[in-house]
Amino acid sequence: MRRKLVVGNWKMNMTRAEAAACVETFVEQVSAGQECDVAICPPFLAISVVHDLLKKTQIKTGAQDVFWAEKGAFTGSVSASMLADAGVSFCIVGHSETRGRFGKLEVPAETTGYFAETDLTVNLKTKALLERGISPILCVGETLSEREGLQTDNVIQAQLKAGLDGIDGAEFAEGVIAYEPVWAIGTGMTCDSPEASRVCGMIRATLAEIWDEDAASRVRILYGGSVKGANAHELFAQPDIDGGLVGGASLVADEFHRIVAAAK
Ligand code: PGA
């Protein structure tokens with residue numbers, strides 16, 4: 001039986017002081033434990049402060065990205081061993097924002113490929129995290145034009161096969177897949193629950209093809225994209241959805257609390 005998991009992705013929000021204030025409120029309201037797992041992924045600079053506040057609780061600390069090399073001349077990068085040293089248990093990889101396909105253009109159009117994440121770099125990052133005992137949260141999902149062109153399943157299957165290339169099912173047992181339709185991220189447009197569940201089921205079937213049914217049945221598959229208190233219950237009640245990856249709504253303690261409560 002898979003335990004539900006709710007992950008807050010703070011993206012580029014929160015100074016250290018804001019992060020501390022927010023986590024103090026979360027810790028009072030949001031309990032993780034017997035019924036579901038909870039993690040918060042702050043920006044790199046707030047990881048230490050968040051981890052210090054969370055280590056007495058069952059809420060885990062996550063990160064939003066990683067670089068695959070162990071160390072060296074990689075200006076601006078953070079390695080998996082540095083994340084492990086800081087107490088990180090989960091790390092997002094292949095988010096559509098780092099894949100350079102912004103769901104919502106708040107930056108000049110010419111910078112949308114700025115981060116230029118590819119399936120190959122997603123694969124290298126996933127392997128580096130597994131080697132350090134950090135659970136990857138591998139994001140997959142289609143753009144609106146891919147959905148309209150009936151390419152959803154093909155796009156996601158290709159992202160999974162390339163992202164998990166050379167990784168066996170036992171190694172990924174603590175790993176997580178997040179289905180995040182690009183058009184639903186930060187837009188307020190949620191994928192309807194039956195369709196989100198269908199895609200999560202298709203993802204599990206693809207994992208069973210890559211590995212086997214048993215390995216596929218262990219992996220938690222989250223839905224992400226405009227999850228909020230009002231829709232979380234219905235989404236998490238779907239048989240193939242094991243929890244949520246929550247952006248905007250994880251920045252507000254009350255709202256995040258409602259979402260976690262829906263996972264219990
Ligand atoms: P959102 O973001 O909840 O703000 O749509 C989700 C995500 O990008 O992980």
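On the given criteria, is E174 under 17 Å from the mean Cα position of the chain (by Cα) and open to solvent by 60 Å² or more (accessible area, probe 1.4 Å)? Outline the logic, then answer.
On the way: under 17 Å from the mean Cα position of the chain (by Cα): yes; open to solvent by 60 Å² or more (accessible area, probe 1.4 Å): yes.
Yes, satisfied.
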- [ ] Return the residue satisfying two criteria in turn: it lies in the stretch 230-251 and is within 18 Å of the chain's Cα centre (by Cα) and away from the ligand (no atom under 11 Å from the Cβ), and of such residues it is surrounded by the fewest Cβ atoms within 10 Å (Cβ to Cβ).
- [x] D240
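Are any residues in the stretch 38-60 of a type in the set (D, E, K, R) and either at pLDDT below 95 or in contact with a Pro (Cβ under 6 Å, 6 or more places away or on another chain) (or both), and if so, which ones? Quick ask: steps written out before the conclusion?
Here is the first cut: in the stretch 38-60, the ones of a type in the set (D, E, K, R) are 52, 55-56, 60.
Selection gives K55, K56.
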Task: Filter result (over 14 Å from A208 (Cα atoms) and either touching a Gly at 6+ places or on another chain (Cβ under 8 Å) or of a type in the set (S, T, N, Q) (or both)) within the stretch 157-178 - done: Q159, G163, A178
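Inspect the stretch 197-208 for any residue being without any contact (Cβ under 8 Å) to a residue 24 or more places away in the chain, more than 10 Å from the ligand (Cβ to nearest atom), on the phi < 0 side of the Ramachandran plot and open to solvent by less than 40 Å² (accessible area, probe 1.4 Å) and give the result as yes or no.
To start, the set of residues in the stretch 197-208 that are without any contact (Cβ under 8 Å) to a residue 24 or more places away in the chain comprises 205, 208.
Checking which are more than 10 Å from the ligand (Cβ to nearest atom) leaves us with 205, 208.
Subset that is on the phi < 0 side of the Ramachandran plot: 205, 208.
Checking the rest, the ones that are also open to solvent by less than 40 Å² (accessible area, probe 1.4 Å) come to 208.
Scanning the stretch 197-208 turns up at least one residue that is without any contact (Cβ under 8 Å) to a residue 24 or more places away in the chain, more than 10 Å from the ligand (Cβ to nearest atom), on the phi < 0 side of the Ramachandran plot and open to solvent by less than 40 Å² (accessible area, probe 1.4 Å).
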- [ ] Give the stretch 230-263 a look and list any residue that's under 14 Å from Q29 (Cα atoms) and either among the basic types (K, R) or assigned to a helix (DSSP H, G or I) (or both), or say none.
- [x] S250, L251, A253, D254, E255, F256, H257, R258, I259, V260, A261, A262
Task: Residues satisfying the stated conditions in the stretch 1-36, i.e. open to solvent by less than 40 Å² (accessible area, probe 1.4 Å) and closer than 19 Å to P239 by Cα - done: L5, V6, V7, C36
Open item on the list: Can you find, within the stretch 178-194, the residue that is surrounded by the most Cβ atoms within 10 Å (Cβ to Cβ) among those that are within 16 Å of the ligand (Cβ to nearest atom) and assigned to a helix (DSSP H, G or I)?
Closed with: V182
TODO: Look at the stretch 127-152 and say how many of its residues are in contact (Cβ under 8 Å) with a residue 12 or more places away in the chain and surrounded by fewer than 16 Cβ atoms within 10 Å (Cβ to Cβ).
DONE: 3
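Here's the yes/no breakdown for (1) at pLDDT 95 or above; (2) among the polar types (S, T, N, Q):
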| site | (1), (2) |
| --- | --- |
| F90 | yes, no |
| F102 | no, no |
| P108 | no, no |
| T112 | no, yes |
| E117 | no, no |
| N123 | yes, yes |
| L129 | yes, no |
| F172 | yes, no |
| I177 | yes, no |
Task: Single unsatisfied condition, G76 versus (1) under 14 Å from A253 (Cα atoms); (2) assigned to a loop (DSSP other than H, G, I, E, B); (3) open to solvent by 50 Å² or more (accessible area, probe 1.4 Å) - done: (1)
TODO: Output the residues belonging to the stretch 216-226 that are open to solvent by 10 Å² or more (accessible area, probe 1.4 Å) and either in contact with a helix residue (DSSP H, G or I) (Cβ under 7 Å, 6 or more places away or on another chain) or closer than 15 Å to G141 by Cβ (or both).
DONE: S226
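The values are calculated or read from the model by the stated rules, or taken from the named source; none is laboratory data. Here the structure is a predicted model, which means the values were calculated and not measured. No Cβ is skipped: glycine too gets one built from the backbone with ideal geometry, and neighbour counts run over all protein chains shown. Surface accessibility is based on the protein's heavy atoms, side chains included, excluding ligands, DNA and RNA. Shrake-Rupley method; radii C 1.70, N 1.55, O 1.52, S 1.80 Å.
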